[in-house]
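The values are calculated or read from the model by the stated rules, or taken from the named source; none is laboratory data. No experiment lies behind these values; they were computed from the predicted model shown. In this analysis, Cβ positions are derived from the backbone assuming ideal geometry, glycine residues included, and neighbour counts consider all displayed protein chains. Heavy atoms of the whole protein, side chains included, go into the accessibility calculation; ligands, DNA and RNA do not. Shrake-Rupley method; radii C 1.70, N 1.55, O 1.52, S 1.80 Å.
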Amino acid sequence: MVLAAPASIAVVGGGVAGFSAVRELRRRGYAGALTLVDPAGLPYDRPPLSKAFLAGSLDRLRLQLAPEQWYEDNGITVLADTVDKLDAGNGTEAPVLALASGRDLAADVVLLATGARARRLPLPGMDLPGVFTLRSADDALALQGHLASGAHLVILGAGLVGAEVAGTARGLGAGVTLVDPAELPFAQAVGPAMAGYLQSLHAAHGTEYGRGAAAGITSDGNVLRVELADGSRLSGTAVLVAAGSEPETALAEAAGLAVDAGLLVDASGRTSHPRIFAAGDSSRRLGPDGAPGRRFEHWDAARRTGEAAAAGMLGAEPPAGTADWFWSDRYGVHLEVAGSMAVPGQTVLRGEPGSGFMVFRLDLNGALAGAAAVDGGTAVRAARKLIESGRILDPVLLQDPAVDLRRLARAKP
C-alpha cells in the first residue's frame with residue numbers, strides 16, 4: 001500500500017502535465033525527493049510550437065514553463081534522459097525506471113506523464129525529406145526552415161495543428177494548401193456555425209482548401225507530390241502531416257498496466273498499479289461505471305490532471321472537476337471553447353461571424369453544455385461557470401449581445 005506521503009516521487013515526462021504535477025506537489029508542501037525525467041530536459045510549453053515559436057517570434061528560452069532556477073529553488077531534480085523501461089514491481093517495493101544513460105532510478109511513486117506522439121499516416125513517402133509532423137520544439141525548428149516566402153506547404157489535416165500552422169505559414173509568406181477528408185473540419189469541437197466561420201478564414205487569407213485523403217507522397221527533385229485517394233495530385237516544397245496524435249503508452253503496456261487507447265486512471269490519476277499514477281494526454285479517466293472516458297489532449301486538461309495526480313500521490317482528494325476548455329489562434333483570430341459543443345440539444349448564436357461572435361450549445365434540458373467564442377475570453381470564463389452550475393438558461397438571453405454573461409453567471413438561479 002502506498003504511503004500518504006511517499007519519500008520519493010519520479011515524474012516521467014516534461015509536458016504541462018508533468019510540470020503541473022511537480023509544481024502542485026511542492027505547493028501542497030511535499031518535502032520528499034522529487035525528480036522529473038524528460039529527454040528534452042527542462043519542461044517547455046507546446047501550444048506556441050504551431051504559432052509564435054514556429055514563426056520565430058518566441059525563442060526556446062521563453063518557451064520554458066519555468067526558468068532553471070525555479071527547479072533549483074524548489075528542490076526538483078530534472079534529468080535530461082529517456083526512460084527505457086519501467087519495472088513496476090508487485091506494489092510492495094519501489095518501482096524502478098531504467099534510463100537510457102544506464103542509470104536506474106527507484107522512487108516510491110511514479111507519475112507517467114508521457115504525453116502523445118504525432119500520428120503518422122500509413123502512406124508511401126512518409127519518411128521522405130521535407131515531410132514533417134509537429135509535436136516537439138525540434139519538429140517546429142525543422143519545419144520552420146521550409147516556410148520562407150516562395151515555399152509552398154501542403155498540410156494533411158485541418159484540425160487544431162493543421163489550421164494553426166496554415167495561419168503561421170501564410171504569415172511568413174509561404175503558400176499553403178490544406179487538405180482534410182471532412183467537409184467542415186472542427187465542426188464536432190466548435191459546432192458547425194463556428195467551424196464555418198473558421199473555415200472561411202482560410203480562403204480570406206489565401207490558403208487553398210481541398211477535401212480529400214492522401215494516398216501517397218513522392219519526391220521529384222525539390223518538389224513533393226501528394227497523391228489523393230481520388231487520383232488528383234498536389235505539389236509543394238514541404239508536407240506537414242497533421243493527423244492528430246496517439247498516446248505514448250509503451251512504457252505502461254510493457255509494465256503490465258491497464259491500457260485502452262490511453263493509460264486508464266481514476267479521478268486521482270491512479271492506474272491499475274498502486275504505486276503508479278498517470279496524467280495528461282496519455283491518460284484516460286475511468287467513469288463511475290468503470291467505462292473509459294474521452295482522452296483529452298488540451299493544455300488545460302493536462303494541467304488539471306497533473307494537479308489531480310499530485311493530490312492523489314499525497315493521498316488527498318483531487319480538486320473538483322471543471323468544464324473542459326481550450327483555445328486556438330490562427331490568422332490573428334483568437335478562439336476559445338468551453339464544455340462540449342456536440343451534445344444533443346439546441347444551438348444559439350450571438351452576434352455575427354467575426355470578433356465577438358459566440359455560439360452556445362444547450363442540452364436537451366436547456367442547460368448550457370458548451371460555448372465557443374471569437375476574441376471573447378471574458379465571456380467564455382463566464383460561460384464555464386454557467387456550464388459548471390448546470391443551470392437552465394433562456395436562449396433569448398444568450399443570443400442577446402447586450403446581456404452580460406458575467407452578471408448572468410453571478411445571478412442566483
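In the set (1) small (G, A, S); (2) assigned to a loop (DSSP other than H, G, I, E, B); (3) closer than 23 Å to G171 by Cα, G196 fails one condition alone, (2). Scanning the stretch 203-212 for residues that are surrounded by fewer than 22 Cβ atoms within 10 Å (Cβ to Cβ) and without any contact (Cβ under 8 Å) to a residue 60 or more places away in the chain returns A203, G206, E208, Y209, G210, R211, G212. Of the residues making up the stretch 335-347, those that are assigned to a loop (DSSP other than H, G, I, E, B) and exposed (fewer than 15 other Cβ atoms within 10 Å of the Cβ) are A342, V343, P344. Quick check on the stretch 110-125. Is at least one of its residues within 19 Å of the chain's Cα centre (by Cα), open to solvent by 20 Å² or more (accessible area, probe 1.4 Å) and among the polar types (S, T, N, Q)? Yes: one or more hits. Might you let me know whether the stretch 251-262 holds any residue that is closer than 26 Å to G145 by Cα, part of a strand (DSSP E or B) and free of Cβ contacts under 8 Å to residues at least 40 places away in the same chain? No, the conditions are met nowhere in the stretch 251-262. Annotation: G376 fulfils all but one of (1) at pLDDT 95 or above; (2) within 21 Å of the chain's Cα centre (by Cα); the unmet one is (1).
The sole residue among G293, G306, G269 that is touching a Ser or Thr at 6+ places or on another chain (Cβ under 7 Å) and more than 21 Å from G91 (Cβ to Cβ) is G306. Residue pairs whose Cβ atoms lie under 8 Å apart, sitting 6 or more positions apart in sequence or on different chains, and linking a residue in the stretch 223-239 that is free of Cβ contacts under 8 Å to residues at least 40 places away in the same chain to a partner that is among the polar types (S, T, N, Q) and surrounded by fewer than 16 Cβ atoms within 10 Å (Cβ to Cβ), are V223/S235; R225/T218; R225/S219; R225/S235; E227/T218. With respect to the conditions (1) open to solvent by 40 Å² or more (accessible area, probe 1.4 Å); (2) charged (D, E, K, R); (3) modelled with pLDDT under 95, R391 lacks only one, and its number is (1). Quick check on my filter: what residues within the stretch 317-334 are assigned to a loop (DSSP other than H, G, I, E, B), of a type in the set (A, V, I, L, M, F, W, C) and surrounded by fewer than 18 Cβ atoms within 10 Å (Cβ to Cβ)? Across the stretch 317-334, the qualifying residue is only A320. Residues in the stretch 213-233 that are open to solvent by 40 Å² or more (accessible area, probe 1.4 Å) and touching a Lys or Arg at 6+ places or on another chain (Cβ under 8 Å): 5 in all. For A187, the conditions (1) within 19 Å of the chain's Cα centre (by Cα); (2) buried (at least 19 other Cβ atoms within 10 Å of the Cβ); (3) more than 30 Å from F19 (Cβ to Cβ) are fulfilled apart from (2). Taking the stated definitions as given, is G293 touching a residue at least 60 places away in the same chain (Cβ under 8 Å), small (G, A, S), in contact with a Leu (Cβ under 9 Å, 6 or more places away or on another chain) and open to solvent by less than 50 Å² (accessible area, probe 1.4 Å)? Answer is no for this residue. A residue that is under 21 Å from A118 (Cβ atoms), open to solvent by 50 Å² or more (accessible area, probe 1.4 Å) and without any contact (Cβ under 8 Å) to a residue 12 or more places away in the chain occurs nowhere in the stretch 157-168.
Of the residues making up the stretch 301-316, none is surrounded by 23 or more Cβ atoms within 10 Å (Cβ to Cβ), more than 25 Å from A107 (Cβ to Cβ) and touching a Gly at 6+ places or on another chain (Cβ under 7 Å). Of all the listed residues (L25, L58, L54), the sole one being more than 24 Å from A169 (Cβ to Cβ) and surrounded by 14 or more Cβ atoms within 10 Å (Cβ to Cβ) is L25.
Output the residues belonging to the stretch 387-410 that are farther than 13 Å from R350 by Cβ, among the aliphatic types (A, V, I, L, M) and without any contact (Cβ under 8 Å) to a residue 60 or more places away in the chain. I392, A409, listed by residue number.
When the stretch 263-315 is filtered for residues that are under 21 Å from the mean Cα position of the chain (by Cα), assigned to a strand (DSSP E or B) and under 17 Å from L36 (Cα atoms), the ones remaining, listed by number, are F277, A278.
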